[in-house]
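In what follows, a structure is listed as structure tokens, so that the remarks can point back to it.
Nothing in this text is a laboratory measurement; each read-out follows from the coordinates by a stated rule. Because the structure is a prediction, the values reported are computed rather than measured. In this analysis, Cβ positions are derived from the backbone assuming ideal geometry, glycine residues included, and neighbour counts consider all displayed protein chains.
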Ligand code: IPE
Ligand code: IPE
Ligand code: MG
């Protein structure tokens, strides 16, 4: 079986999961955080090398202060305690996104877990937090322009490989994108890295997404015919 090297997940549907149960949206986020821990451990166990997850978009700041505060506090808690199993399994944790306007205590917790796992070699969990794909491309363009202005790079040397180094993290291309909750869109997730990725959409709400369904996704991926623009030879 061919296991995708880089899997990306848009973890959507936490709010609806809670609302359906007559609970606050925050209850869905808490449940979603448990799912994230389980699914990431499972993905690495299955041989995935890089897992990118959409935890919070730049546009999610448009939500109520109550929901945003809950999520930020939940992230801190997760980075301080929940991610211990991943650390112990040798997974390196990195972040993608803008720092502004994240709170100081959130940034501190992010820095700490990145630092503590920076030498881990068994896989990479890329947590996209305060992340936008368009923002990432703008930020990369600004850094490139600055490096051209200060003669660090030449315009002639800009290619896909060099461009990738200006993104938040220099990661391999995405092989498989999963979105839960039935929405058929990529919103603002990893637009550059998504080229030629296989898409898998499921109506399962993220808190209900489990190992069994992940196996189904891997089976489906294994049957896909990836051509990258060329013609398949017999
Ligand atoms: C995804 O679930 C988590 C975040 C965006 C932080 P949602 O909160 O978007 O849940 P729904 O889509 O409203 O159900
Ligand atoms: C995408 O989900 C962002 C995350 C999962 C963190 P949203 O729920 O914010 O996306 P839209 O608004 O439905 O496109
Ligand atoms: Mg949503």
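Its DSSP H runs of at least 4 residues, each contributing -39,500 (n - 2.57), put the calculated 222 nm mean residue ellipticity of the chain at -12500 deg cm²/dmol, to the nearest 500.
List residues of the range 115-140, by number, whose backbone nitrogen lies under 17 Å from a label position 7 Å along Cα→C-beta of residue 158. Residues 134-140 fall inside that zone.
Can you put 208, 170 in order, fewest other beta carbons within 10 Å first?
Ranking 208, 170 by Cβ neighbours within 10 Å, fewest first, gives 170, 208.
On the principal axes of its alpha carbon atoms, the range 129-234 extends 52, 43, 20 Å, with the longest extent given first. Full extension of the chain between residue 184 and residue 87 yields a length gain of 31.6 nm, computed as 0.36 nm times the residue separation minus the alpha carbon distance. Converting the Cα gyration tensor eigenvalues of the range 20-65 into ellipsoid dimensions via √(5λ) gives semi-axes, longest first, of 26, 16, 6 Å.
Using C-alpha pairs below 8 Å separated by at least 6 residues, the relative contact order for the range 9-74 is 35 percent. Calculated from the alpha-carbon coordinates, the range 14-149 shows an Rg and a Dmax of 15.9, 56 Å respectively.
Once the C-beta distance of residue 24 and residue 61 is scaled by a Förster radius of 22 Å, the resulting FRET efficiency is 0.70 to the nearest 0.05.
Each 5 Å bin from zero up to the one holding the largest Cα-Cα distance in the chain carries the following percent of pairs: 1, 6, 13, 17, 19, 18, 12, 7, 4, 2, 1, 0. Listing 137, 162 from fewest to most neighbouring C-beta atoms within 10 Å gives 162, 137. Computed log10 I(q)/I(0) for the range 117-161 at 0.26 Å⁻¹: -0.91, from the Debye equation with unit scatterers placed on every C-alpha and solvent omitted. Its relative contact order, with pairs defined as Cα atoms under 8 Å and 6+ residues apart, puts the range 96-190 at 35 percent. Can you bin the range 95-173 into rounded, prolate or oblate? Criterion: square roots of the alpha carbon gyration tensor eigenvalues sorted a ≥ b ≥ c, rounded for a/c under 1.5, prolate for a/b above b/c, oblate for the rest. Prolate. The range 72-113 has equivalent-ellipsoid semi-axes of 19, 12, 7 Å, by the square roots of 5 times the alpha carbon gyration tensor eigenvalues, sorted largest first.
When 187, 230 are ordered from fewest to most other Cβ atoms inside 10 Å of their Cβ, what list results?
230, 187
Considering the range 1-93 at the alpha-carbon level, its Rg and Dmax are found to be 14.4, 45 Å. Between the alpha-carbon centres of the range 140-189 and the range 1-33 there is a gap of 26 Å.
Return a whole-number percent for the relative contact order of the chain, with Cα pairs under 8 Å and 6 or more residues apart as the contact set. Here the relative contact order equals 29 percent.
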